[in-house]
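Have a look at the structure below, then the notes.
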Amino acid sequence: MSPPVRADEPSDAALVAAYRSGDEGAAAELVRRHLGAIGRFLYASGAGRSDVEDLVQETLFRAFRKVDSWRGDASFRSWLLTIAGNLLRDEYRRRKGRQMISIEDRDLPDNADPEADLAANEAERRIRQGLTTLPRLQREVFLLRAQEGREYGDIATALGTTPGAARVHYHHAVKRLKELLK
Amino acid sequence: MTTCEQLSDRMPAVARGQIGWSAEEESHLATCAECRLEWELISAASGLGRDLTAALDPHHVTERVLGRLRAERRSRRRRMGWAVAGIATAAAVALVVWAGPLRPGPRIAAPPPVADVAEIPLPELDSLATPELEAVLHALDAPIGTSVEGVDSSGLDDLDTRELQHVLDRLEG
């Protein structure tokens, strides 16, 4: 999970404004806040473990390059995750649709409770596999809600849809993924 | 009364540790297989990749990202410099072409003197004295049939061919 933002810390909007004025320290703080969320989103969306760091960097590079286009309608994190989603789509096309999840991407169980870890990792693998089969909008709504706890209004703004449609996409995704876990 | 929909709405926040289940919600989860399955899904999805991203170094990522942005800005400035130089060169060339080569403009040649054009060689006139030349010019300008000053032509009709030749010989020198 990303580091929490304390009440006395500057908001994302204030940091973005500072970065636009040339403060690179503000960019460093934004990276610290959102790095983990971008990585988790990419991994859950089908990026291979070995690709995650490069894709996180590329997402942040693209985001800072066009930071002026963030108007603050959606949260900065949701905006970043839509850039990550676009990047993943580009990457998927570049690889001509080749599946990005590979066998070595499966998490290896630790030694605390091998059976429980194995079951958990099997569930995780099935969820990841299932996520890659969802339509893009369903997958991104699901991850913004399940991973990031975003409200439907924020999700809708970030993805260019309505809160009602976002709720419907989320429930469709949950229904399909539950089928995979049964 | 806890409904499946209420529980579903709270699952992401509980999975992120922002809130916890109430006793009533826990009791619902214990009896509702669909909600249990959904909770399993949401809690697993919420933790996807957490171990992976914990290993990412924010400082390293920041340096890489900012380094690329700086390099891109430098490259853009260089390209901009070349573009400005190119435009300036093109403008200078266009100016030279438009204004003509850097030398004095072409002179408009003065028309040649009329005398140069109208010069007709008349060696017969070279030996005449100025009064005689003036008399000839006067005779040329005078209407046909009038007498020429200095040349008494009133009696020419009476002269025979030899005498006329003599007068002409005198005129021609």
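Every read-out reported here was derived from the displayed coordinates using simple, explicitly stated rules and does not represent laboratory data. Please read these numbers as outputs of a predicted model, since none were measured by experiment. Virtual Cβ from ideal backbone geometry, glycine too; neighbours counted across all protein chains shown.
Side notes on the structure shown:
- The residues of the range A:147-178 that are within 12 Å of chain B (Cβ to nearest Cβ) and either in contact (Cβ under 8 Å) with a residue 24 or more places away in the chain or at positive phi (or both), listed by number, are A:Gln147, A:Glu148, A:Gly149, A:Arg150, A:Ile155, A:Tyr170, A:Ala173, A:Val174, A:Arg176, A:Leu177.
- Per-region count, the range A:46-57, residues surrounded by 20 or more Cβ atoms within 10 Å (Cβ to Cβ) and of a type outside the set (Val, Ile, Thr): 5
- Tally of residues being in contact (Cβ under 8 Å) with a residue 40 or more places away in the chain and within 24 Å of B:His60 (Cβ to Cβ) across the range A:51-69: 3
- In the range A:32-56, the residues that are within 7 Å of chain B (Cβ to nearest Cβ), touching a helix residue (DSSP H, G or I) at 6+ places or on another chain (Cβ under 7 Å) and under 14 Å from B:Ala55 (Cα atoms): A:Arg32, A:Leu35, A:Gly36, A:Gly39, A:Arg40, A:Tyr43, A:Arg49, A:Val52, A:Val56
- The test for being under 17 Å from B:Pro58 (Cα atoms) and more than 11 Å from chain B (Cβ to nearest Cβ) holds for A:Asp12.
- The one condition from (1) more than 10 Å from chain A (Cβ to nearest Cβ); (2) under 30 Å from A:Phe61 (Cα atoms) that B:Val65 does not meet is (1).
- Flag for B:Arg36 being among the basic types (Lys, Arg) and within 14 Å of chain A (Cβ to nearest Cβ): yes
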